[in-house]
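Here is the structure we will look at.
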Amino acid sequence: MNALRPPHPRAATLAVWWRNLKVWRRLLGPALAMNFGEPVLYLLGLGYGLGVFIQGMGGMPYLTFLASGIVASSAMTTASFEGMYSVFTRMVPQRTYEAILATPAEVDDIVAGEILWCATKSLVSAAAVLLVAVALGALEPRPGLLAVPAVVLLTGLAFAGPALVISALAPNYDFFNYYMVLVLTPLMILSGVFYPVETLPAAVRALVDFLPLVHAVDLARGLATDQPLDAPLRHVTVLGTYALVGAYLATVLFRRRLIR
Amino acid sequence: MTEPIVRAHALAKHYGALAAVAGIDFEIEPGICFGFLGPNGAGKTTTLRMCMGLSPPDGGRLEIFGLSLPRHGRRVRARMGVVPQADNLDPDFTVEENLRIYGRYFGLRRRILDTRIPALLEFAALAERAHARTEALSGGMKRRLTLARALINDPQLVVLDEPTTGLDPQARHLVWARLEQLRARGTTLLLTTHYMEEAERLCDRLVVMDHGSILDTGTPRELVNRHVEPEVVEIRNAPAHLEGHLLDGGCRIERVGSSLYCYTRRATALIEHLRDQPGLVFLHRPAGLEDVFLRLTGRELRDT
Ligand SMILES: Nc1ncnc2c1ncn2[C@@H]1O[C@H](COP(=O)(O)OP(=O)(O)OP(=O)(O)O)[C@@H](O)[C@H]1O
Ligand SMILES: [Mg+2]
């Protein structure tokens, strides 16, 4: 069998997703505390704290600017953590995948199910951010908000694949530190979550444009604040490309790791 | 003659330069319990993984239910149950939930699971613990739950990798009783073990495996008859002068640590001689699989 063949997920994908949902529901309390607690801290701490010194940013109050950015970055962080730490836990210490592979389910189903699950968790955490932001008055409850989940879902998919790639390569948990320090943290700082990317040096700006988070931030901010979107098709294309290429590479690498 | 349910020919699997499975042939008739007996690193788990379609062989042919592997892995696994060497139950779920989610991977409908799960819990003597967290179970209960889980798809063939390793005697006997029940129902069992008692008790046919190769195949009785004399006298802390005498008496002698094993066709005269030696501790027993195993695989300690 060709190890590089395209992924072929089947119905068992949903069983994998459903398993994760059931575990998550069981541990709902701590999960939601994290989902709601973090945006509250960010918005209160940074938004109000810095907001005192900053008149406004990108033509809106700083708290609004920040909240609409964090919606996107929380989707990134959530999908990435799930795709690394949780996936690795299921793969190595818990041997969950070994158990699943003894059934008709296959590696492709596991990877597809995990990617869908990562995106689902992104949706939950971004929804929590939106609720907190509306409750704090950072965002107005406009119809545009209803389109934000679609962006968040796409963002979750765009980051899930790459996170699974890292998991498939990881010898242990410490390995994830590289991805955090070299990828996630720089993205968080450089992608227009805390300040507009226009202030970055042109070279950095050009580089950041090839990376997914800035596109997620632009889409989420535009929709959440009812501003006209610039180049929405390009944003969607970049995010979609990361999602597809990531899913493909993750599938190939998981096959290599699990079928020996 | 019924068609074999499993058929392997020149099956091989290498990891780098290591031949984990070095070209083996075996066939399993439906309805029997077939055992792989071998020391650590013999290649038992690797063979089972190939049977599951999860490890592509790099030589030979393998067919289960007439379907070739790994090509038809999905279809084969749909009709197969697996008890892995290390427990991989879902620790976040209850006993009942573990069975339910596993059924989902097979695409089984809720209605089927609703009837099958209580029956399996009964079978595994876990009905009282249906809502217990898996983490709270004893080792024996976990093993029984893993066995129940392997039966969720009502498989024709159940593959068990060291099903009782690490269990205490009571727990082990309970698992054996369940496996005997399964075989009585006509389910084919394929198991690996390094417990002779288990192999002797459960297996209709055995292969003894070491270093990736099959050393011999047969029923437990055939193997014993073929490789060792019918009677054994084990002597503890045997003094050195005894060895010469035993050899003269026509025994085949093996020394393991401070014990002597004398293999013979008739032990009567030997026993009489030993009775006359004050303070000598000895045991007279019929030869068994353990003796075959030690003869075929050697006595040096394995640590892989
Ligand atoms: N994925 C792997 N990569 C490299 N070597 C492997 C791999 N899996 C197994 N081996 C090697 O292949 C040989 C056979 O291993 P296998 O697990 O099949 O033995 P076993 O008979 O099941 O032993 P045990 O009784 O310890 O479970 C061993 O030397 C083992 O180290
Ligand atoms: Mg093994």
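Annotations
- Tallying residues that are surrounded by 16 or more Cβ atoms within 10 Å (Cβ to Cβ) and within 27 Å of B:Ala267 (Cα to Cα) within the range B:178-197 yields 2.
- Unmet requirement for B:Phe36, which otherwise passes all of (1) more than 16 Å from ligand 2 (Cβ to nearest atom); (2) surrounded by 24 or more Cβ atoms within 10 Å (Cβ to Cβ); (3) more than 14 Å from every other protein chain (Cβ to nearest Cβ): (1)
Residues are listed down the side, and each one gets a yes or a no for (1) of a type in the set (Val, Ile, Thr); (2) touching a strand residue (DSSP E or B) at 6+ places or on another chain (Cβ under 7 Å); (3) in a helix (DSSP H, G or I); (4) more than 24 Å from B:Met52 (Cβ to Cβ):
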residue: A:Ala75; (1), (2), (3), (4): no, no, yes, yes
residue: A:Tyr85; (1), (2), (3), (4): no, no, yes, yes
residue: A:Ala99; (1), (2), (3), (4): no, no, yes, no
residue: A:Thr103; (1), (2), (3), (4): yes, no, no, no
residue: A:Thr120; (1), (2), (3), (4): yes, no, yes, yes
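- Identity of the residue in the range B:1-19, within 10 Å of ligand 1 (Cβ to nearest atom) and surrounded by fewer than 22 Cβ atoms within 10 Å (Cβ to Cβ), that ends up nearest to the other protein chains (Cβ to nearest Cβ): B:Tyr15
- Neighbours by Cβ (under 6 Å, 6+ apart or cross-chain): first from the range B:81-94, facing chain A (nearest Cβ under 7 Å); second among the acidic types (Asp, Glu): B:Pro84/B:Asp161; B:Asn88/A:Glu98; B:Pro91/B:Glu135
- Residue in the range A:86-95 that is more than 14 Å from every other protein chain (Cβ to nearest Cβ) and more than 20 Å from A:Leu4 (Cα to Cα) present: yes
- Helices (runs of 4 or more DSSP H) wholly inside the range B:101-198 that include at least 2 residues being within 16 Å of ligand 1 (Cβ to nearest atom) and among the hydrophobic types (A, V, I, L, M, F, W, C): none
- Qualifying residue in the range B:142-159 (condition: farther than 24 Å from A:Trp18 by Cα, within 16 Å of ligand 2 (Cβ to nearest atom) and within 11 Å of chain A (Cβ to nearest Cβ)): yes
- Selection of the range B:101-120 for residues being within 12 Å of chain A (Cβ to nearest Cβ), of a type in the set (A, V, I, L, M, F, W, C) and without any contact (Cβ under 8 Å) to a residue 24 or more places away in the chain yields only B:Ile101.
- Residue satisfying all of: in the range A:1-28; within 10 Å of chain B (Cβ to nearest Cβ) and assigned to a loop (DSSP other than H, G, I, E, B); farthest from A:Ala119 (Cα to Cα) among these: A:Met1
Residues are listed down the side, and each one gets a yes or a no for (1) within 16 Å of ligand 1 (Cβ to nearest atom); (2) farther than 30 Å from B:Pro39 by Cα; (3) within 14 Å of chain A (Cβ to nearest Cβ):
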{"residue": "B:Arg252", "(1), (2), (3)": "no, no, no"}
{"residue": "B:Gly257", "(1), (2), (3)": "no, no, no"}
{"residue": "B:Leu274", "(1), (2), (3)": "no, yes, no"}
{"residue": "B:Leu283", "(1), (2), (3)": "no, no, no"}
{"residue": "B:Leu296", "(1), (2), (3)": "yes, no, no"}
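- Residue match in the range A:53-62 (condition: touching a residue at least 24 places away in the same chain (Cβ under 8 Å) and within 21 Å of the chain's Cα centre (by Cα)): no
- B:Thr94 meets the conditions (1) in contact with a strand residue (DSSP E or B) (Cβ under 9 Å, 6 or more places away or on another chain); (2) under 28 Å from B:Arg205 (Cβ atoms); (3) not basic (Lys, Arg) in every case but one. The failed one is (2).
- One residue alone among A:Ala126, A:Ala105 is buried (at least 23 other Cβ atoms within 10 Å of the Cβ), of a type in the set (A, V, I, L, M, F, W, C) and within 14 Å of chain B (Cβ to nearest Cβ), and that residue is A:Ala105.
- Some residue of the range B:166-176 being at pLDDT 95 or above and buried (at least 20 other Cβ atoms within 10 Å of the Cβ): no
- Evaluating A:Asp174 against the criteria (1) without any contact (Cβ under 8 Å) to a residue 40 or more places away in the chain; (2) part of a helix (DSSP H, G or I); (3) closer than 30 Å to A:Tyr62 by Cα leaves one unmet condition, (3).
- Residue ID - surrounded by the most Cβ atoms within 10 Å (Cβ to Cβ), chosen from residues in the range A:200-241 that are among the β-branched types (Val, Ile, Thr) and within 20 Å of A:Pro141 (Cα to Cα): A:Val217
- B:Leu69 being among the aliphatic types (A, V, I, L, M) and under 30 Å from A:Trp24 (Cα atoms): no
- Residue check for B:Val83: closer than 30 Å to A:Trp18 by Cβ, at pLDDT 95 or above, within 16 Å of ligand 2 (Cβ to nearest atom) and touching a helix residue (DSSP H, G or I) at 6+ places or on another chain (Cβ under 6 Å): yes
- Test: B:Leu215 is within 16 Å of ligand 2 (Cβ to nearest atom) and buried (at least 18 other Cβ atoms within 10 Å of the Cβ): no
The values are calculated or read from the model by the stated rules, or taken from the named source; none is laboratory data. The model shown is predicted, which means the values in this text are computed figures rather than measured ones. Cβ atoms come from the backbone with ideal geometry, glycine included; neighbour counts cover every protein chain shown.
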